Amino acid sequence: MILYSTPLSSYSAKLRIACALLDLAPELRAPPDGSYRSAAYRAIVSLGTVPALVEGDFVLSESDAIAEYLDETHPPARLLPGPPRQRAWIRFLSRFHDLHLEPHLRALFGQVAPSTRDTAIVAARLAEITRLVTILDSSIDPIGPFAAGPTPTLADCGFAPSLAIADALLPAIGAAELPLTPRLRLWCAALRQDPRIETVMASYRDEIQRWLATKRSA
């Protein structure tokens, strides 16, 4: 089993966390020719995105699709456990991250260097992130400690990298930290205390800092 990924890709980190929660250790490979935009990589993964899974002649991209496939093929279900409504809510939280919160964080990547910073863009994105964090607080499990209950699931996998990005990125652009409620802070602590998640996140936080250093000097 081969997992194509890049060190800074938050979706690669998301899927590496999913694999860790499933006790899977796929062979990690960088895209050939050093880029997921290369013709050599697109010859393998037609969409040209990371992460991507290659298992024999089976090639699958998109992190949620890969995670759900791995969960189904390596029982018992750990990423999507429980009855249908619980699994549906886990999927909702994962999509909430991918389709709503993460894009606004990514839109701030170009705002690190003061020389190219657009204060209007920063203000608009931060306002939307704050609104989404409020929705997130009312959407995760009220008892937890994880997003969908007592154990980490697919609902947690994408948020762990994005929360780490926010922790490093927002101060770098002169913004206040995320307005986390006590419940959200407990969740963040639970993510850091899970050794499987932290194994991935320790190196990922280092990658974020290396990336920020290049942006600050640009």
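Overview of results
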{"quantity": "Residues (of a type in the set (S, T, N, Q) and under 11 Å from the mean Cα position of the chain (by Cα)) located in the stretch 93-120", "calculated": "Ser94"}
{"quantity": "Qualifying residue in the stretch 145-153 (condition: within 25 Å of Gln209 (Cβ to Cβ) and either touching a strand residue (DSSP E or B) at 6+ places or on another chain (Cβ under 6 Å) or modelled with pLDDT of 95 or more (or both))", "calculated": "yes"}
{"quantity": "Hits in the stretch 155-176 (condition: under 14 Å from Met201 (Cα atoms) and free of Cβ contacts under 8 Å to residues at least 40 places away in the same chain)", "calculated": "Leu163, Asp167"}
{"quantity": "Positions within the stretch 23-44 being part of a helix (DSSP H, G or I) and more than 22 Å from Tyr69 (Cβ to Cβ), in sequence order", "calculated": "Pro32, Asp33, Gly34, Ala39, Ala40"}
{"quantity": "Considering residues of the stretch 45-61 that are touching a Ser or Thr at 6+ places or on another chain (Cβ under 8 Å), in a loop (DSSP other than H, G, I, E, B) and not hydroxyl-bearing (Ser, Thr, Tyr) only, the residue nearest to His74 (Cα to Cα)", "calculated": "Pro51"}
{"quantity": "Odd one out for Ser115 among (1) at pLDDT 95 or above; (2) assigned to a helix (DSSP H, G or I)", "calculated": "(1)"}
{"quantity": "Criterion (over 21 Å from Glu207 (Cβ atoms), among the polar types (S, T, N, Q) and surrounded by fewer than 15 Cβ atoms within 10 Å (Cβ to Cβ)) met by exactly one of Ser46, Ser94, Ser38", "calculated": "Ser46"}
{"quantity": "Only one of Pro179, Pro142, Pro152 that is touching a residue at least 60 places away in the same chain (Cβ under 8 Å) and part of a loop (DSSP other than H, G, I, E, B)", "calculated": "Pro152"}
{"quantity": "Residues within the stretch 155-174 that are under 15 Å from Arg216 (Cβ atoms) and not in a helix (DSSP H, G or I), tallied", "calculated": "2"}
{"quantity": "Leu132 vs. criteria touching a residue at least 60 places away in the same chain (Cβ under 8 Å), closer than 22 Å to Ile90 by Cβ and in the same structural domain as Leu212 (by TED's automatic domain parsing)", "calculated": "no"}
{"quantity": "Enumeration of residues in the stretch 175-202 that are of a type in the set (Gly, Ala, Ser) and within 17 Å of Lys14 (Cα to Cα)", "calculated": "Ala190, Ala202"}
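The values are calculated or read from the model by the stated rules, or taken from the named source; none is laboratory data. Keep in mind the model is a prediction, meaning the values are calculated, not measured. Positions of Cβ are backbone-derived with ideal geometry, glycine not excepted, and every protein chain shown enters the neighbour counts.
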